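The values are calculated or read from the model by the stated rules, or taken from the named source; none is laboratory data. Just so we're clear, the structure is a prediction, and the values are computed from it rather than from any experiment. Note: ideal-geometry Cβ built from the backbone for every residue, glycine included; neighbour counts use all protein chains shown.
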Amino acid sequence: MKKVTLNCSICKEKIDEQFTKNANKVYWTEGHNAEPINDGRCCTSCNNAVVVPYRILKLVNPKLDDINNSIIKALHFAENGSEEEFDESLEECVKVSKDLMDMVKELSIDEEM
Ligand SMILES: [Zn+2]
């Protein structure tokens, strides 16, 4: 396997060498895909600190909107609706935020090699 030395497209430092899972002498030297930050490669620390959080943020953003909307709805029912409507809307709030938490949990498991 040829060894290439690449520099991280985000911090510009040399990309760290990684041992592959099963063999202890084979390196992976090409880091991680830096998308959507840029179309280059990046080191493990930038991947963990920048790329992965950014991807998660992009995915969860629409869900955050859902949470916002359900809270606004609940507030509306708190003022103008029946107790039943208010309870229902609170349940909806809990559901959308739980969905989001499940989603984030799955994403962080996927990111472990
Ligand atoms: Zn880096």
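A few comments on the model shown:
- Residues (surrounded by 16 or more Cβ atoms within 10 Å (Cβ to Cβ) and modelled with pLDDT under 90) located in region 1-27: GLN18
- Residues of region 36-55 satisfying the condition of being surrounded by 14 or more Cβ atoms within 10 Å (Cβ to Cβ) and assigned to a loop (DSSP other than H, G, I, E, B): ILE37, GLY40, CYS43
- Conditions (1) among the aliphatic types (A, V, I, L, M); (2) over 27 Å from LYS12 (Cβ atoms); (3) touching a Cys at 6+ places or on another chain (Cβ under 8 Å): number failed by VAL50: (2)
- Applying the criterion of being in a strand (DSSP E or B) and more than 16 Å from the ligand (Cβ to nearest atom) to the residues of region 18-35, the residue that is farthest from LEU6 (Cα to Cα) is PHE19.
- Restricting region 81-94 to residues that are free of Cβ contacts under 8 Å to residues at least 12 places away in the same chain and either within 18 Å of ASP66 (Cβ to Cβ) or of a type in the set (Lys, Arg) (or both), the residue that is surrounded by the most Cβ atoms within 10 Å (Cβ to Cβ) is GLU88.
- Of the residues making up region 56-80, those that are of a type outside the set (A, V, I, L, M) and crowded, with 16+ Cβ neighbours inside 10 Å are LYS63, ASP66, SER70, LYS73, PHE77.
- In region 36-67, the residues that are more than 14 Å from the ligand (Cβ to nearest atom) and modelled with pLDDT of 95 or more: ASP39
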